[in-house]
1. Got at least one residue in the range 39-51 being under 22 Å from ALA2 (Cα atoms) and of a type in the set (Lys, Arg)?
2. So if I check each of VAL21, VAL67, which one is at pLDDT 85 or above and within 24 Å of the chain's Cα centre (by Cα)?
3. Under 9 Å between Cβ atoms, which residue pairs at least 6 apart in sequence (or on different chains) link something in the range 160-177 that is assigned by TED's automatic domain parsing to the domain that holds ILE135 and in a helix (DSSP H, G or I) with a partner that is among the basic types (Lys, Arg) and surrounded by 12 or more Cβ atoms within 10 Å (Cβ to Cβ)?
4. Counting only residues that are within 15 Å of SER80 (Cα to Cα) and part of a helix (DSSP H, G or I), how many does the range 1-25 have?
5. Specify which of the listed residues (TRP77, TRP43, TRP99) is assigned to a helix (DSSP H, G or I) and modelled with pLDDT under 85.
6. Scan the range 147-172 residue by residue and report those that are surrounded by 13 or more Cβ atoms within 10 Å (Cβ to Cβ) and over 13 Å from SER133 (Cβ atoms).
7. Filter the range 141-159 down to the residues that are assigned to a loop (DSSP other than H, G, I, E, B) and of a type in the set (Phe, Trp, Tyr) and list them by number.
8. Where the second residue is modelled with pLDDT under 90 and not in a helix (DSSP H, G or I) and the first is exposed (fewer than 13 other Cβ atoms within 10 Å of the Cβ) and lies in the range 110-126, which pairs have Cβ atoms under 8 Å and are six or more apart or on separate chains?
Amino acid sequence: MATPITVSITRIVDPERAKEVAAWARAGQDLLSASPGYLGSGWVRPDPDSEEWHMLYRFANASDLEVWEKSPERAWWVASALGMVEHSPEERRTGIEGWFDEPTTVEVIAPVKKTPPRWKQMISIFIVFYPLSLITNWAIAGFTHDWALPWRVLLLVVIVSPIMTYLALPAVTRALRPWLQRGLK
């Protein structure tokens, strides 16, 4: 029976190049995840200002790990980091101890999604909310004119909320996307 193997690597990173290294790390994880026998990987930093970045990756067995280590994808990936990170010796573990050493912090590297400014979001909502509220108020006025205000508003919200959420706001957001995204990088 094959034993899973974990590889632990420490990279020394110039803090001024952290964004580039984060992109490099994501590219490596994408390449790793497509490799046969891949079981998982992750990056850990002791703290946000640390120059040390620790990577763990795990393969189902030594032969799958060897395929990854001899792959042209890995060679390209490692070479692409020259000048950004210092490579250190690798540590291999066949037990589970490498997954359970408790770090002081864990950083999940994910792309940052930019959102439009709140004033643009407000205008987008207003474009939908005002006419929809007006039309709905007009449509229900005939049978709710003698209802107490809280009940009239409740009915309006029950009708308008799903229409705004599932139909009107997505349509207006798509139509306004070039304007909403202008200036975002």
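The values are calculated or read from the model by the stated rules, or taken from the named source; none is laboratory data. For clarity, every value in this text was computed on a predicted model and none was experimentally measured. Here the Cβ positions follow ideal geometry from the backbone for every residue, glycine too, while neighbour counts run over all protein chains shown.
1. No, the range 39-51 contains no residue that is under 22 Å from ALA2 (Cα atoms) and of a type in the set (Lys, Arg).
2. Exactly one of VAL21, VAL67 is at pLDDT 85 or above and within 24 Å of the chain's Cα centre (by Cα), namely VAL21.
3. Partner pairs satisfying both residue conditions: LEU176/LYS120.
4. Looking only at that region, the number is 9.
5. TRP99
6. TRP147, LEU169, VAL172
7. Once the filter is applied, which keeps residues that are assigned to a loop (DSSP other than H, G, I, E, B) and of a type in the set (Phe, Trp, Tyr), the range 141-159 yields only TRP147.
8. Cβ pairs passing all conditions: LYS114/LEU184; LYS114/LYS185; THR115/LEU184.
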